[in-house]
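Q: Quick one: this structure, given as structure tokens, is what I'll be asking you about.
The values are calculated or read from the model by the stated rules, or taken from the named source; none is laboratory data. Keep in mind that what you see is a predicted model, and the values were worked out from it rather than measured. Using ideal geometry, Cβ is built from the backbone for each residue, glycine included, and neighbour counts are taken over all protein chains shown.
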Amino acid sequence: MKTHDGKGKVWLVGAGPGDIELITIKAVRCLKEADVVVYDHHLNKELLDYADAGAELIYAGKQGGYHTMSQEEISGLLIARAREGKFVCRLKGGDPFVFGRGGEEAEALSEAGIPFEVVPGVSSAIAAAAYAGIPLTHRAHSSSFAIVPGSEAATKTGSRIDWPKISTGVDTLVFLMAVANMPHVVAELLKNGRPPDTPVAVVQRGTRSDQFTVVGTLASIEGLAVSSNIRPPAVIIVGEVVKLRERLKWFGEPPLSEVESLKAGIGHA
Ligand SMILES: C[S@@+](CC[C@H](N)C(=O)[O-])C[C@H]1O[C@@H](n2cnc3c(N)ncnc32)[C@H](O)[C@@H]1O
């Protein structure tokens, strides 16, 4: 429980993937007790209603490549507010340690001697697959999965992704931040031995009421994603488990026409 003895601290909190019911009880407690909430772009803003009416709410998101604050500025802000004796909830989409730069923020806090706690969240990599009816592992089809950043530029030298190993060494691949870079991701997988008929799903705005899923193969998915006007946030799931969606899809998705009008109306909050 919150005990204000004049010492501040920071909670690095996972907000889950979008469906507000997928936030943890612990995350809600942190939100309620925080004096300051520093929040990102890809999370359901309705969760901010849990914050205290007097809490300071600070947006630190990145949208379309534009950063509101640099990573150094965000870490500096967390440290400064904690040094003022405040309880700070750093709220991040999904899980804070899955491509959320939570590790870097924890390092900065540790170096500055600020007490911190990490509250795991339900990652979009897991949740979007589950809401699309795609089990990432299955005894008959997949005994391993990897979560991979799809944002690495095609021209980047010294790639940190070991494409030859992950292309065929892992059964199911889940790419985050990959929509704009889909041609490069598909080309690398094909070049490194994944067959063109490998099933692929793209799940846009997973777990939200306007979730939309496109299913194809490595050979067809780029064209399908373009014709469906897929936009971030979306995850790309590659592997035989995608075929299970046909039987296991359980979450009612609106038709594409409705999703398009929603996109026009509310954007990608
Ligand atoms: C910077 S990463 C953060 C990932 C986050 N920490 C997590 O665990 O989900 C942002 C990416 O997560 C994915 N993402 C986040 N929310 C999503 C959602 N509701 N549906 C599909 N993908 C989502 C997208 O690939 C997006 O580009």
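Q: Looking at Ile58, Ile134, Ile147, which one is free of Cβ contacts under 8 Å to residues at least 60 places away in the same chain and closer than 18 Å to Gln204 by Cα?
A: When all the criteria are applied, what remains is Ile147.
Q: In this structure, is Ser167 under 17 Å from the mean Cα position of the chain (by Cα) and among the hydroxyl-bearing types (Ser, Thr, Tyr)?
A: no
Q: Sticking with this one: I'd like to check which strands (runs of 3 or more DSSP E) are fully inside the range 35-111 and have at least 2 residues that are touching a Leu at 6+ places or on another chain (Cβ under 6 Å).
A: Once the strands (runs of 3 or more DSSP E) in the range 35-111 are filtered for at least 2 residues that are touching a Leu at 6+ places or on another chain (Cβ under 6 Å), what remains is 36-39, 87-92.
Q: Within the range 232-245, is even one residue in a loop (DSSP other than H, G, I, E, B) and either among the hydrophobic types (A, V, I, L, M, F, W, C) or farther than 18 Å from Pro149 by Cβ (or both)?
A: no
Q: Suppose we filter Ile134, Ile126 for residues that are out of contact with any strand residue (DSSP E or B) (no Cβ under 7 Å at 6 or more places or on another chain), within 16 Å of the ligand (Cβ to nearest atom) and among the β-branched types (Val, Ile, Thr); which single one remains?
A: Answer to the check: Ile126.
Q: On the given criteria, is Ser167 in contact with a Gly (Cβ under 6 Å, 6 or more places away or on another chain), without any contact (Cβ under 8 Å) to a residue 40 or more places away in the chain and more than 24 Å from Gly94 (Cα to Cα)?
A: yes
Q: Give me the residue from the range 41-74 that is within 16 Å of the ligand (Cβ to nearest atom) and hydroxyl-bearing (Ser, Thr, Tyr) and, out of that set, farthest from Asp210 (Cα to Cα).
A: Selected residue: Ser70.
Q: In addition: Condition (residue is at pLDDT 95 or above and either within 12 Å of the ligand (Cβ to nearest atom) or of a type in the set (Phe, Trp, Tyr) (or both)) applied to the range 184-192: is it met by at least one residue?
A: Within the range 184-192, one or more residues are at pLDDT 95 or above and either within 12 Å of the ligand (Cβ to nearest atom) or of a type in the set (Phe, Trp, Tyr) (or both).
Q: Please indicate, with yes or no, whether at least one residue in the range 106-116 is within 9 Å of the ligand (Cβ to nearest atom), touching a residue at least 40 places away in the same chain (Cβ under 8 Å) and among the β-branched types (Val, Ile, Thr).
A: no
Q: Now for a separate question. Of all residues being under 20 Å from the mean Cα position of the chain (by Cα) and either over 18 Å from Pro233 (Cα atoms) or touching a residue at least 60 places away in the same chain (Cβ under 8 Å) (or both) in the range 170-183, which is farthest from the ligand (Cβ to nearest atom)? Just the residue, please.
A: Thr172
Q: Scan the range 194-208 and tell me whether some residue there is among the small types (Gly, Ala, Ser), exposed (fewer than 15 other Cβ atoms within 10 Å of the Cβ) and more than 10 Å from the ligand (Cβ to nearest atom).
A: No, the range 194-208 contains no residue that is among the small types (Gly, Ala, Ser), exposed (fewer than 15 other Cβ atoms within 10 Å of the Cβ) and more than 10 Å from the ligand (Cβ to nearest atom).
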